[in-house]
1. With a 10 Å Cβ neighbour count serving as the proxy for reagent exposure, in which order, fewest first, do LEU112, LEU242 appear?
2. Once Lys and Arg get +1 and Asp and Glu get -1 on their Cβ, which of ALA16, GLY106, LEU144 lies farthest toward the positive end of the dipole of the chain?
3. May I ask you to sort HIS282, HIS336 by Cβ crowding, counting other Cβ atoms within 10 Å and putting the fewest first?
4. Give the longest segment of the chain that steers clear of GluC sites (Glu not before Pro) in DSSP loops with at most 10 neighbouring Cβ atoms within 10 Å, not counting the sites themselves.
5. Compare ALA199, ALA110, ALA149 in a GNM of the chain, Cα atoms joined below 10 Å, and give the one with the largest fluctuation.
6. Looking at ALA25, PRO94, GLN84, which one has the Cα that reaches farthest to the positive end of the dipole of segment 1-95 (charges on Cβ: Lys, Arg +1; Asp, Glu -1)?
7. Specify which residue in the list GLY171, GLY205, GLN218 is farthest towards the positive end of the charge dipole of segment 162-255, using unit charges on the beta carbon of Lys, Arg (+1) and Asp, Glu (-1), about the Cα centre.
8. If you average the C-alpha positions of segment 329-371 and of segment 125-172 separately, how far apart do those two centres end up, in angstrom?
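What follows draws every value from the coordinates through simple rules; no lab data is involved. It should be emphasised that the depicted structure is a prediction, and the values quoted were computed from it without experimental measurement. Positions of Cβ are backbone-derived with ideal geometry, glycine not excepted, and every protein chain shown enters the neighbour counts.
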Amino acid sequence: MARFPHGVLVAGGGIAGATLALALARHGVPVRLLERDATWRPVSAGMFLYANGLAALERVGVLDQVLAAGWASPDGRNPMLDQQGGLITELHYPRIGGAHVPPILGILRAELHRVLADAMREAQVPVLLGHAVTGVEDTPGAPLRAIMADGSALEADMLIGADGIRSALRGVLFPGVEPEFSGFGVWRSMHDRPAALDAKIMMMGVGKRLGIMPISGQRLYVFATSREPENPWYERAEWHRLMRAKFADFAGPATRFLDELTDPAQVVYTPVEEVRLALPWHRGRVGLIGDAAHAATPFMGQGGAMAIEDAVVLAGMLAEAGPAPAVLEAFGARRHARCTLVQDASRRVGEAGAIEDEAACAARDARLRETGQAMVDGFYARMAEPPG
Ligand SMILES: Cc1cc2nc3c(=O)[nH]c(=O)nc-3n(C[C@H](O)[C@H](O)[C@H](O)COP(=O)(O)OP(=O)(O)OC[C@H]3O[C@@H](n4cnc5c(N)ncnc54)[C@H](O)[C@@H]3O)c2cc1C
C-alpha cells in the first residue's frame, strides 16, 4: 500500500496486538507483529467475552472459530447466589451484537490465541517471535525505528504498543505511569465441567466472591476474588491450599471444585492492577492500545473486549487515513471515555463484591434483586453503542 511504504509494526502479540495485526491485514495494510516471548504461550486460564467483544471479533472474521472453540451461553443466564449457594436473583446478559452473537462466551485464553494466530497465518501476517521492543527513534521525515532488546532496529511508518499492562513502550512515551495495585487478588482454576452446569454462576460472599463459568463442552473455570490490601507475596507452591482456605466458607456449587484443588499447577493467582493513562495515548507516530493504555480490573470481564475493540477501531482509522499522528490523536479521543467507563464500572463491581459487613452484604443482595437487571441492561446498552 503506497501510503504505508514501511508498514505498521505492532509490539505485543496478546489479544490487542494479534487482533490489530489481523484487522490491519484484512484492510490490506502491511503489518508485522513483534512478540517478546520466543514460545508465545498465554497464561492457561479461562476468560469471558461479552457480546461487544464478540461483535468486534466478527469484524475481523473470526467469530465462528471463536464460538466453536469456547462455550457460548444461549440465553446469557447468570444466577447470582449467596455464599451458601442460595439464589439471590437471576440476571440475564443481553444480546447486543445481533441474533448470531451470543450474550457471553467462556473460552480458554490459549484457544482465543490459537484462533487469532491461525487467522494471522492464513492472512500471511509476519510474526517475529523473540522480539522485545525496548525503544523507538521517531525523527520527522525519516522512517520510524523500533529498537529491540538486542540493539537491532526495524523501520516502519507507525509503531503500536500492544505490549500489555507493563508496557515498555508506555515507559518510553510516558515515564512514570505505572500499574497501580487495586487492593484485590484473583484466584483462577480449571476443572472438568459437569454437563448440567450450563450458565455463568456468581456467588456473592462476605468480603469475597466466586464465579464458575463453562469454557467448552468439557471444561470450566473458577475465578474468585479476595481483598489483599497489603499486596502480599504468595509462594506458588501454596496457591492451591490458599485458594481452598480463602474460599472454604463457600458452599453449594463451589464445594466440589474447591475440593478438587490438590496441586499448585491447578491455580493461577494474580494481584489485580489498573493503568489510568490520561490522553494522549500516543507521541508522534507511536501509539498505545489495550492494557498498555487502559488496563482495567477484571470484575466486568471487559479488558479483553476493550483490547479487541481498540484494535478494530484503530485498524479502520489507519486504513482510511494513513499512518499520521493525527489518527492516533483521534483514536484516543474516540476510545478514552468508553474504556474509562469500563474501568469505573469494574471498580464498583469489585468493591460491591468485597463488602465485609454482613448487614451491608444483605443490603447489597437486596439491591441486586431490585435493580441488578436494570444495571446490567444499562451497562450493555452503552456497550451496544459503536465502539469508537
Ligand atoms: C485475573 C484477570 C482476569 C481477567 N479476565 C478477563 C475476562 O474474563 N475477559 C476479558 O475480556 N478480559 C479479562 N481480563 C483482562 C484481559 O486479560 C486484558 O485486558 C487483555 O489480556 C489485554 O490484552 P493486551 O493484548 O493489551 O495485553 P496482554 O494480553 O498482556 O498481551 C501483551 C503481549 O505483549 C507481549 N509483550 C510484552 N512486552 C513486550 C515488548 N516489550 N515487546 C514485544 N512484546 C511484548 C507479551 O508477551 C504479551 O504477549 C482479565 C485480567 C486479569 C488480570
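1. The fewest-first ordering by Cβ neighbours comes to LEU242, LEU112.
2. Result: LEU144, furthest along the dipole toward the positive end.
3. Values: HIS282 24, HIS336 18.
Listed from fewest to most nearby Cβ atoms, that is HIS336, HIS282.
4. On the way: sites that count: GLU230, GLU235.
Answer from the scan: 1-229.
5. ALA149
6. Of the listed residues, the answer is ALA25.
7. GLN218
8. Cα centroid to Cα centroid, the span is 35 Å.
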